[in-house]
Amino acid sequence: MNLVAIVGRPNVGKSTLFNRLVGMRQAIVDSTAGVTRDRHYGRCEWCGHEFSVIDTGGFTVNSDDVFEEAIRKQVILAINECDLVLFMVEVATGITDFDQEIADILRKAGKPVVLAVNKVDTGEKMLGVYDFYKLGLGEPFSVAAATGSGTGELLDEIIAKLPNDSTIVEEVEEEENRIPRIAIVGRPNVGKSSLTNALLGVERNIVTPVAGTTRDSITSYYNKFGHEFNLVDTAGLRKKTKVTEDLEFYSVLRSIRAIENSDVCILMIDAAEGFNSQDMSIYNIITRNKKGCVIVANKWDTVEKSSNTMKEYTEALQKRLAPNNDIPIVFTSVLNKQRILDVLDAAAKVYENYSQRISTSVLNDAMLPEIENYPPPAWKGKYIRIKYVTQLPTPSPAFAFFCNLPQYIRDPYKRYVENKLREHFDFTGCPVQIYFRQK
């Protein structure tokens, strides 16, 4: 699929146009300059053609800001990997030194360029558009990304300049929809972006020692070592009382939405700090959304060790997570690339358990003898008889047990049934829902 990169200096409206093209509020938009930091991918469809769009951070030069140096590298990477560059400028400010510098880079890159002049929302501003012919990048297209004005003509020009492989292929789309989504979540600065970069083998996401560097949920396609995933790197989740900026509030919402849309969550914790109350809150969000889970204790190289450290750490962690004691726990050092492939193997195994379908006959052969050995206790002199069990057609594992008096079954018996299900079938790392229904 063709790739279009949106580039420009900070605060010209790149993320607003990106959201307009992909048809959803996927990138965070704010009046603060420098909100977008990582390359952000989405998909745009126009007149039977489809292409991917990359939203990049604002391009600046000669800045001391730790982020802006990293953003500049990201923009250059985006230009190198795309098929067409959508260069955005702003009508009110005219041509700035930054615009000239970006235009020089684009001419050297030799990629097809479409020039979009943003914030042209009145007839008077149309005159200012013609100044941008001076950049020497062809005809400037006037748009107002906030309202959508002029985006039709812009998209026509993009389709005309793209190579001819952007027609929608429905089979490919269906195949892509089947790829498992794995979200990497956790508190700020536990190494989520570093893990994504280590797995992908490229500097896909910006990494700095500053907590809260990642603001958006960034999706990357991974296909190596026999694994195929969509990896989602998310912003760190902090306590509500510590979230002061509007931007961080939106980042937290994006991270929670990433959990909702995923199949398996990799919950990263700082091994040196241990599993604290905020980690527990994130874990509760994962279980509440009924997602598979793998816990990754990162920065294991910083922990002082004795002969039983890993065993003791695992036991302490399982005690905190009780009664869910079968969550896989992987100890890593992303910086030293220790056991990072074990994380993928664990996530793949959890996804396999999460998506397994068990036939009704196999379920009944396994579960009915267990129920006969230990039937539900009688309630008010009435005996409860469970007739048969079947798996429900839900994304996460859920089972319905049909019986004569479901209202009299208590929680301890539900736990017994779930434990027996887990004994017979591998649901490691997955939540299991049990329902008792009237036959």
In region 1-25, the residues that are assigned to a loop (DSSP other than H, G, I, E, B), within 18 Å of residue 151 (Cα to Cα) and at pLDDT below 85: 23, 24, 25
Cross-chain or 6+ apart pairs with Cβ under 6 Å, region 6-27 first and at positive phi, then modelled with pLDDT of 85 or more and crowded, with 24+ Cβ neighbours inside 10 Å: 8/14; 8/88; 13/145
Selection within region 202-226 - closer than 20 Å to residue 336 by Cα and modelled with pLDDT of 75 or more: 224, 225
Only listed residue being crowded, with 19+ Cβ neighbours inside 10 Å and outside any loop (DSSP other than H, G, I, E, B), chosen from 279, 301: 279
Meets criteria (farther than 19 Å from residue 435 by Cβ, in a loop (DSSP other than H, G, I, E, B), under 25 Å from the mean Cα position of the chain (by Cα) and at pLDDT below 90) for residue 325: no
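Scan region 144-193 for residues that are in a helix (DSSP H, G or I), at pLDDT 85 or above and more than 21 Å from residue 43 (Cβ to Cβ) and jot them down.
Residues of region 144-193 that are in a helix (DSSP H, G or I), as a first pass: 151-161, 170-177, 192-193.
Restricting the remaining residues to those that are at pLDDT 85 or above gives 151-161.
Result: no residue meets the conditions.
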Looking only at region 55-66, and only at residues there that are surrounded by 12 or more Cβ atoms within 10 Å (Cβ to Cβ) and within 15 Å of residue 9 (Cα to Cα), the one that is modelled with the highest pLDDT: 55
Those residues of region 102-135 which are in a helix (DSSP H, G or I) and under 33 Å from the mean Cα position of the chain (by Cα), in sequence order: 102, 103, 105, 106, 109
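Is at least one residue of region 230-240 among the hydrophobic types (A, V, I, L, M, F, W, C), in contact with a Ser or Thr (Cβ under 6 Å, 6 or more places away or on another chain), at pLDDT below 75 and assigned to a loop (DSSP other than H, G, I, E, B)? It would help to see each step written out before you state the result.
Narrowing region 230-240 to residues among the hydrophobic types (A, V, I, L, M, F, W, C): 231-232, 235, 237.
Narrowing further to those that are in contact with a Ser or Thr (Cβ under 6 Å, 6 or more places away or on another chain): 231-232, 235, 237.
From what is left, the residues that are at pLDDT below 75 are 235, 237.
Right, trim to assigned to a loop (DSSP other than H, G, I, E, B) and you get 235, 237.
So far as region 230-240 goes, yes, one or more of its residues are among the hydrophobic types (A, V, I, L, M, F, W, C), in contact with a Ser or Thr (Cβ under 6 Å, 6 or more places away or on another chain), at pLDDT below 75 and assigned to a loop (DSSP other than H, G, I, E, B).
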Leading residue by the ranking (farthest from residue 117 (Cα to Cα)) among those in region 138-153 that are hydrophobic (A, V, I, L, M, F, W, C) and in contact with a helix residue (DSSP H, G or I) (Cβ under 6 Å, 6 or more places away or on another chain): 146
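The values are calculated or read from the model by the stated rules, or taken from the named source; none is laboratory data. Owing to the predicted nature of the structure, the values given are computational and were not obtained by experimental measurement. Reconstructed Cβ throughout: ideal geometry from the backbone, glycine too, with neighbour counts over all protein chains shown.
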